[in-house]
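Every number in this text was worked out from the coordinates using simple rules, so none of it is lab data. A quick note: this is a predicted structure, and the numbers were derived from the prediction, not measured. Using ideal geometry, Cβ is built from the backbone for each residue, glycine included, and neighbour counts are taken over all protein chains shown.
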Amino acid sequence: MKSKSILITGCSSGIGLCAAKTLQTRGYQVYASVRSIDDVAKLEAEGLNALVLDLQNSNSIEKGLELVLNQTGGKLDYLFNNGAYGQPGAVEDLPTDILRQQFEANFFGWHHLTRLVIKVMREQGHGRIIQNSSVLGFVCMPYRGAYNASKYAIEGLTDTLRLELSDSPIFISLIEPGPIASKFRENAAKMFKQNIDWESSLHFDKYSEQLKRLEKKGDANSFTLAPDAVVKCLIHALESKRPKIRYRVTFPTKLFAILKPLLPTNILDILLNKS
């Protein structure tokens, strides 16, 4: 039996890398995409079939998918949209161009790739798309406005897409992780220092606290799980006869999913400000 093909974005580390390795071990034909050619070499050294696909570049997205389809005979069974980054900073300190960059990587790039893949899946008569969202796709936390907004947008677009695909052979799922061990905080700290004029901001004191959290070694908090917690949900979404619409991963995600519809907004805001 021919192995199932899957394209995974954001495989340089964390969830994407774990997913690529795990699914290859399970017999999938994995195409692990990354932004830089240097990361391609690293993944190939680990035995993965890697390619460049920059979600902030439409031409790169199209060429990356074309490369995959050339190797699969024009077929693609699964897409795991995972590549993303976090841009910290108070909304009032967030340059609009930097917000646009966040959306190019976390939202518009996903949309462009997904539209292309849906066309392939419709023609072949089957397919599944899994979107790696976040707990911050349905609750907000301060100083994460750009990331919050991009993940809320992914949730809204995915819910709409699911309705529109309801009479098609394509199923779409959302995964909503909370804190997961990865380079996410390290990369976020870099983007924060690069793009936010934080030292002259009215939020300086809060920013100092944020930087300590972002630059802290080890897990962010006691609720942090390893990437394989997400990959377990991904496998269910890929292989189950009845995949879930949403997979909530980590205690904070499950807790806030319960609390959001129950608590008055002002009480929920207090909890989120303390989180």
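In table form, for the structure just shown:
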| quantity | calculated |
| --- | --- |
| Environment charge at Phe251 (Cβ cut-off 14 Å; Lys +1, Arg +1, Asp -1, Glu -1) | 0 |
| Cα-based shape type of the stretch 183-222, given that a ≥ b ≥ c are square roots of the gyration tensor eigenvalues and the cut on a/c is 1.5 | oblate |
| Three principal axis lengths of the stretch 1-94 [C-alpha, angstrom, descending] | 55, 26, 23 |
| Choice from Leu51, Leu136, Leu116 with maximal GNM fluctuation in the chain (Cα, 10 Å cutoff) | Leu116 |
| Given charges at beta-carbon only (K, R positive; D, E negative), |dipole| of the chain in Debye | 960 |
| Trypsin sites (Lys or Arg not before Pro) within the stretch 1-102, DSSP loop, no more than 16 other Cβ atoms inside 10 Å | Lys2, Arg26 |
| Extension reserve of the Arg213-Lys274 stretch, reckoned as 0.36 nm per residue once the Cα distance is removed | 20.6 nm |
| Unit Cα scatterers, Debye sum, the chain: log10 I(q)/I(0) for q = 0.07, 0.12 Å⁻¹ | -0.25, -0.74 |
| Highest-fluctuation residue, Leu94, Leu214, Leu255 considered, GNM on the chain with Cα pairs under 10 Å | Leu255 |
| Helix runs (DSSP H) in the chain reaching 15 Å along axis by Cα, Kyte-Doolittle at least 1.0 | 228-239 |
| Listed residue pairs exceeding 24 Å between alpha carbons, taken from Lys212/Lys232; Lys183/Lys212; Lys21/Lys254 | Lys212/Lys232; Lys21/Lys254 |
